[in-house]
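Encoded as structure tokens, the structure appears first; notes follow it.
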Amino acid sequence: MSPAEPNPVPPVSVSSPASAARRRTVIDALRRGAVPESGLDLLATGLDRFEGALDAELESVVSGGAVFKAVRGEYGSGKTFFTRWLGERAKRLGFAVAEIQISETETPLHRLETVYRRLTERLATSSFPPSALRPIVDAWFYTLEEDALASGASEDELTDAVEELLTARLAEVSRHAPSFATALRGYRASLSEGDETTAAAILAWLAGQPHVAAAARRSAGVRGDLDHFGALGFLQGLLTVLRDSGHRGLFVVLDEVETLQRVRSDARDKALNALRQLIDEVHSGRFPGLYLVITGTPAFYDGQQGVQRLAPLAQRLATDFTTDPRFDNPRAVQVRLPGFTQESLVHLGVTIRDLYAAGAVAPDRIRTLANDAYVADLARAVGGALGGKVGVAPRLYLKKLVGDVLDRIDQFDDFDPRQHYKLTMNSSELTDVERNSAAKGAADDVELNVDV
């Protein structure tokens with residue numbers, strides 16, 4: 001096999017300059033009404049209160065610990081933004097990251113083999129986009145070869161020496177999932193024989209993909225497809241491979257777990273129990289190097305169709321939120337995102353305006369025509385169109401600010417948003433939550449003039 005250079009572990013740093021590429025990535029995502037995949041540190045406002053505790057938890061994972069964290073917040077409070085921001089911090093510390101959307105049809109939580117498959121599909125590092133599984137595995141074998149040579153093995157002895165190291169380093173994993181190591185052996189053997197097709201098929205099986213060709217499975221000495229319980233063993237094996245290939249940990253997000261409230265009761269009960277099992281395994285020390293995060297709404301954590309339906313799970317996630325939010329404990333197992341106020345929404349808008357201006361064709365016109373007062377007026381208009389629910393407004397507000405206002409100022413010399421732009425929102429561009437909020441304050445089509 002051709003050796004892959006292992007991922008170097010970068011210095012522990014969470015800051016990065018606002019390059020043109022990073023600005024463009026962020027602005028393009030906001031123009032589409034999406035949360036950016038990267039560059040979140042450029043937008044982070046109000047998250048400094050979490051930084052110390054979360055960075056300490058990431059460092060504990062680097063040292064061989066494991067962390068489970070639950071994030072709660074209403075729609076629009078920034079749960080996806082928060083987890084991607086934290087994931088970026090983890091990636092800069094040398095973690096691999098994966099974000100998984102929980103859904104009844106695509107990724108049901110009660111089928112951990114499917115969750116594991118989505119994890120490997122979404123696996124990314126600072127050097128490789130999803131799926132980074134193959135370069136990670138190749139880097140691991142390269143490390144084993146280097147370690148074998150460093151211990152005195154000759155080129156003729158290399159194959160046997162690597163096999164000994166593989167067996168030793170996956171000994172604990174093999175107690176629970178012996179087929180993980182078996183598949184890795186089959187993958188390496190296929191590559192050494194120049195059989196790329198079989199190697200790719202074996203790696204797909206190792207990633208939890210179903211319907212892998214029987215011939216490939218036979219050549220690797222494995223059978224069937226990955227099941228619910230085998231998935232936990234494979235996760236343990238993946239953590240070992242990541243650590244030995246130069247990564248400091250694995251950061252995993254299970255997003256939108258509140259969708260469990262809408263599934264059949266039997267599937268919901270299985271999913272809640274699977275979540276309880278995951279939490280217990282994390283806390284037992286089985287997954288050193290794992291930082292696992294879930295996100296959900298308050299109704300999911302507090303309601304009878306969610307966490308409260310399973311008493312042992314409710315006990316594990318219990319956190320006191322009856323006190324002033326200013327004194328919320330960011331070290332707790334569950335953290336609360338308070339959501340946006342009018343003031344914080346305007347502050348975010350100003351941040352976006354300045355970020356846009358830094359790479360604009362007409363930065364002075366951007367800052368003059370979309371000054372702080374206009375940014376605040378637009379925020380009030382969008383919030384008003386959504387029934388006064390400021391917490392629901394951020395996605396649409398930033399989409400309108402970038403796509404309808406800043407882009408036009410930058411491209412048209414005679415465009416003045418106070419004279420030439422009226423805020424119009426059609427129901428087709430709204431999410432269900434935004435549409436419901438708009439319906440309470442107005443009709444489906446809302447037209448507001450932000451002239452003052």
- Note on the structure: Per the filter on region 74-92, residues open to solvent by 50 Å² or more (accessible area, probe 1.4 Å) and among the aromatic types (Phe, Trp, Tyr) are 75
- Note on the structure: When restricted to 38, 13, 2, the only residue under 18 Å from the mean Cα position of the chain (by Cα), at pLDDT below 95, among the small types (Gly, Ala, Ser) and not in a helix (DSSP H, G or I) is 38
- Top-ranked residue in region 240-258 [being part of a helix (DSSP H, G or I) and in contact with a strand residue (DSSP E or B) (Cβ under 6 Å, 6 or more places away or on another chain); ranked as modelled with the highest pLDDT]: 242
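Determine which member of the set 245, 265 is polar (S, T, N, Q), within 22 Å of residue 94 (Cα to Cα) and more than 21 Å from the chain's Cα centre (by Cα). Can you show your working first?
Numbers: 265 fails: within 22 Å of residue 94 (Cα to Cα).
None of the other options fit; the residue is 245.
Closer than 23 Å to residue 53 by Cβ and in contact with a Phe, Trp or Tyr (Cβ under 8 Å, 6 or more places away or on another chain), is that true of residue 278? Walk me through how you get there before you give the answer.
On the way: closer than 23 Å to residue 53 by Cβ: yes; in contact with a Phe, Trp or Tyr (Cβ under 8 Å, 6 or more places away or on another chain): yes.
Yes: the conditions hold for residue 278.
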- Of the residues in region 35-73, those that are in contact with a Leu (Cβ under 8 Å, 6 or more places away or on another chain), open to solvent by 40 Å² or more (accessible area, probe 1.4 Å) and closer than 25 Å to residue 301 by Cα number 0
- Please indicate, with yes or no, whether at least one residue in region 313-326 is modelled with pLDDT under 95 and assigned to a helix (DSSP H, G or I). yes
- Note on the structure: Across region 133-152, the tally of residues that are out of contact with any Leu (no Cβ under 7 Å at 6 or more places or on another chain), of a type in the set (Gly, Ala, Ser) and open to solvent by less than 20 Å² (accessible area, probe 1.4 Å) stands at 1
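Within region 381-404, identify whether any single residue is of a type outside the set (Val, Ile, Thr), under 27 Å from residue 21 (Cβ atoms) and open to solvent by 60 Å² or more (accessible area, probe 1.4 Å), and answer yes or no.
There is at least one residue in region 381-404 that is of a type outside the set (Val, Ile, Thr), under 27 Å from residue 21 (Cβ atoms) and open to solvent by 60 Å² or more (accessible area, probe 1.4 Å).
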- Item | Filtered residues of region 130-187 (kept if of a type in the set (Gly, Ala, Ser), touching a helix residue (DSSP H, G or I) at 6+ places or on another chain (Cβ under 8 Å) and part of a loop (DSSP other than H, G, I, E, B)) | 131, 151, 153, 177
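Return the residues of region 193-233 that are buried (at least 18 other Cβ atoms within 10 Å of the Cβ) and either outside any helix (DSSP H, G or I) or of a type in the set (Asp, Glu) (or both); say none if nothing qualifies.
Pass one, region 193-233, residues buried (at least 18 other Cβ atoms within 10 Å of the Cβ): 198-199, 201-208, 212, 216-217, 219-220, 222, 226, 230-233.
Residues satisfying the conditions are 207, 208, 212, 222, 226.
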- Task: Give me the pairs, please: first residue somewhere in region 240-258 and closer than 14 Å to residue 62 by Cα, second residue anywhere and among the basic types (Lys, Arg), beta-carbon distance under 7 Å, and either six or more positions apart or on two chains.
- Result: 240/169; 244/169
- From the list 126, 174, which one is surrounded by 14 or more Cβ atoms within 10 Å (Cβ to Cβ), touching a Lys or Arg at 6+ places or on another chain (Cβ under 6 Å) and modelled with pLDDT under 95? 126
- Note on the structure: Within region 359-380, of all residues that are in a loop (DSSP other than H, G, I, E, B) and in contact (Cβ under 8 Å) with a residue 12 or more places away in the chain, the one least open to solvent (accessible area, probe 1.4 Å) is 370
- Item | Pairs, first under 9 Å from residue 379 (Cβ atoms) and touching a residue at least 12 places away in the same chain (Cβ under 8 Å) in region 332-349, second hydroxyl-bearing (Ser, Thr, Tyr) and buried (at least 22 other Cβ atoms within 10 Å of the Cβ), C-beta under 7 Å, six or more apart | 345/397; 349/397
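The values are calculated or read from the model by the stated rules, or taken from the named source; none is laboratory data. Everything numeric here is computed off the predicted structure, so don't read it as measured data. Ideal geometry is used to build each Cβ from the backbone, glycine not excepted, and the neighbour counts take in all protein chains shown. Please note that ligands, DNA and RNA were not included when accessible areas were found on the heavy atoms of the full protein model with its side chains. Shrake-Rupley method; radii C 1.70, N 1.55, O 1.52, S 1.80 Å.
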